[in-house]
1. When the accessible area of region 140-218 is computed with all protein chains present and a 1.4 Å probe, what percentage of it is carbon and sulfur?
2. Within 12 Å, Cβ to Cβ, of Pro172, how many net charges do the neighbouring residues add up to if Lys/Arg are +1 and Asp/Glu are -1?
3. Sequence-distant or interchain residues sharing an amide H contact under 5 Å with His208, placed H: which?
4. Cβ under 11 Å from Gln148's Cβ, Gln148 left aside: what net charge do those residues give with Lys, Arg +1 and Asp, Glu -1?
5. Each residue of region 148-156 in turn: what ³J(HN,Hα) in whole Hz from Karplus with 6.51, -1.76, 1.60 and θ = phi - 60°, glycine and Pro shown as x?
6. Applying 1/(1 + (r/R0)^6) with R0 = 45 Å to the Cβ-Cβ distance of Arg155 and Ala33, what FRET efficiency is obtained, to the nearest 0.05?
7. Using 0.36 nm times the number of residues separating Glu103 and Asp119, minus their current alpha carbon distance, what extension gain do you get?
8. Using 15 Å as the cut-off for backbone N distance, which residues of region 130-156 belong to the label zone defined by a point 7 Å from the Cα of Met227 along Cα→Cβ?
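The values are calculated or read from the model by the stated rules, or taken from the named source; none is laboratory data. None of the values given here were measured: they were computed from a predicted structure. Counting neighbours? That spans all protein chains shown, and the Cβs are built from the backbone with ideal geometry, glycine included. Heavy atoms of the whole protein, side chains included, go into the accessibility calculation; ligands, DNA and RNA do not. Shrake-Rupley method; radii C 1.70, N 1.55, O 1.52, S 1.80 Å.
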Amino acid sequence: MLAVKLRLDGLTVAAVSQRTGLSAPTVSAAWKAFREGGWAAVPVRPRGRLKGQANVLDATVQQLLWDALYAGPAADQPGWSSASLAAYLGDEHGIELTQRAIEHWWESEGLKHEPWPLDALAKQRSQRGRWYGQSVAPLFAKLKQAEQRWQGGVRKVVHPHRLVYQLYLHGPRGRLWMRCYQHPPMASDYLTAMRALSSKGPVALVFHGAWFSASPEVTAWLAQQTMFWLVQVPADSGVAS
């Protein structure tokens, strides 16, 4: 009921989802039901936690999350965000899970990664500060919009039960996107993510953990790009430490 009332007040589906803790598909379904049949058609569910909302997710939900992370998102997305995972579970499996619940699960599995405070390097008189001032700051000054500035990297996640190599990306407002693999990512894996980013317009990506000059496939693709800029973090810079 509250979701529909908020939509009537003019809030977007995303805003209602954040306000109520309901997934975007659930909000959309309630709004559609109201428009087609009035208040009587709006499904009212019992109060309390919904399946998948608990701090510890059941084994079935966790396996669905892992399966999605390993399979990868739609081709036009650079990775999975907590919002896109929540929408996927709702649309494909009928499981209501908030973004916060997914982010708690990420943290418990060692998948949560925080963005580096790159802007803070501008004031540092150090190797890291010089690298930022020479390689990153001029590019970021040219690409002023937040959605044009990305950072990311690759790492092996220490996990007790599975092999996890994670390609992580931070976009606007530090939002985390990721893809996971059971083997070190290959050139095609990196290119899939880069192509998804480049499809959104001019983009700069500051990347740590892979040296793409060793890949003819990646270097050939980068050489053809006029609106995608890659800045690699030097291994000895300490930026990602």
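1. C and S fraction of accessible area: 56 percent.
2. Values: positive: Arg149, Arg173, Arg175, Lys200; negative: Glu147.
Cβ neighbours under 12 Å give a net charge of +3.
3. The answer is Gly152, Gly153, Val154, Val233.
4. +3
5. Ordered by residue, 3J(HN,Hα) equals 8, 10, 10, 9, x, x, 9, 7, 9 Hz.
6. Efficiency, from the Cβ-Cβ distance: 0.55.
7. That pair, Glu103 and Asp119, stretches by 3.3 nm at full extension.
8. Within reach of a label on Met227, which here means backbone N under 15 Å from a point 7 Å along Cα→Cβ, region 130-156 contributes 143-145, 147-149.
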